[in-house]
Amino acid sequence: MFARPSSSRPQHSRSMSAKFSHIPPSIHYGSLDQPTISVRMPAWEVNPTLPSITIDGEIDLDVSCFARNRLQYSIGLSLFDERGTRVDWNQDGPENYHRTRSAISLADRVVVDGQCFMNFAVRIPSDAFPTHGQSRVMSVGIKAYALDKPDLTTEMVTVQFMMMNVGYPGRRRGSSVRY
């Protein structure tokens with residue numbers, strides 16, 4: 001009695017659901033053995049006149065297995081170039097290999113009910129920027145492991161971000177006039 005006739009249903013419902021089911025490569029939803037990591041924006045516009053750009057993001061990690069076994073753990077982040085070569089790395093945690101001169105910085109941990117939350121930032125120097133009119137895809141990977149039991153670890157997961165240099169030599173931002 002209250003059902004709509006089939007002709008009044010929107011014809012795009014299938015395509016709309018498919019559209020929203022796509023997860024961008026800048027987000028990885030984790031599980032019990034995989035961290036959740038996301039980069040704040042999937043694409044970053046670079047300004048070649050600046051010395052660097054800072055890419056930032058968030059980490060959400062289930063650390064209950066470490067807490068349950070009373071193990072200290074470390075969270076490591078790596079930066080990879082488009083070929084998959086590790087460019088830089090850093091890690092947090094007590095008494096480990098934290099690198100103060102790394103381009104990767106990690107904020108303090110916030111642990112609530114076995115979940116660890118943390119922000120991170122990656123400083124990309126201008127010599128790694130793409131050339132004018134080009135883009136470059138890089139990846140950030142995360143892995144956590146017990147300091148006393150290196151075999152107790154989470155899976156390494158990665159997310160991607162893109163740097164775009166949309167400016168052209170002699171062009172002012174927002175201007176269509178070339179000089």
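The values are calculated or read from the model by the stated rules, or taken from the named source; none is laboratory data. A quick note: this is a predicted structure, and the numbers were derived from the prediction, not measured. Note that we place each Cβ from the backbone using ideal geometry, even for glycine, and neighbour counts take in every protein chain shown.
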Task: Failed item, numbered, when Asp92 is tested on (1) at pLDDT below 90; (2) surrounded by fewer than 17 Cβ atoms within 10 Å (Cβ to Cβ) - done: (2)
TODO: Report, by residue number, each residue of the range 47-62 that is of a type in the set (Val, Ile, Thr) and either modelled with pLDDT under 90 or surrounded by fewer than 20 Cβ atoms within 10 Å (Cβ to Cβ) (or both).
DONE: Thr49, Ile53, Thr54
Open item on the list: Between a residue in the range 88-117 that is among the basic types (Lys, Arg) and in a loop (DSSP other than H, G, I, E, B) and any residue that is surrounded by 15 or more Cβ atoms within 10 Å (Cβ to Cβ) and modelled with pLDDT under 90, which pairs come within a Cβ distance under 7 Å, given they are 6 or more apart or on different chains?
Closed with: Arg109/Asp92
Task: Counted residues, the range 63-86 - those being part of a strand (DSSP E or B) and either touching a helix residue (DSSP H, G or I) at 6+ places or on another chain (Cβ under 8 Å) or modelled with pLDDT under 90 (or both) - done: 1
Task: Residues of the range 25-46 satisfying the condition of being at pLDDT below 90 and exposed (fewer than 13 other Cβ atoms within 10 Å of the Cβ) - done: Ser31, Leu32, Asp33
Open item on the list: Of the conditions (1) among the charged types (D, E, K, R); (2) in a loop (DSSP other than H, G, I, E, B); (3) surrounded by 14 or more Cβ atoms within 10 Å (Cβ to Cβ), Arg136 satisfies every one except a single condition; which number is it?
Closed with: (2)
TODO: Working only within the range 63-87, note down all residues that are buried (at least 18 other Cβ atoms within 10 Å of the Cβ) and farther than 23 Å from Asp151 by Cβ.
DONE: Leu79, Phe80
Open item on the list: Would you confirm whether or not the range 139-146 contains a residue that is more than 15 Å from Thr36 (Cα to Cα) and either modelled with pLDDT of 95 or more or polar (S, T, N, Q) (or both)?
Closed with: no
Open item on the list: With the structure loaded, tell me whether Ser126 is within 25 Å of Val137 (Cα to Cα), in contact (Cβ under 8 Å) with a residue 40 or more places away in the chain and surrounded by fewer than 19 Cβ atoms within 10 Å (Cβ to Cβ) or whether it fails that test.
Closed with: yes
- [ ] Could you grab me the full set of residues in the range 99-118 that are among the acidic types (Asp, Glu), farther than 11 Å from Asp62 by Cβ and more than 18 Å from the chain's Cα centre (by Cα)?
- [x] none
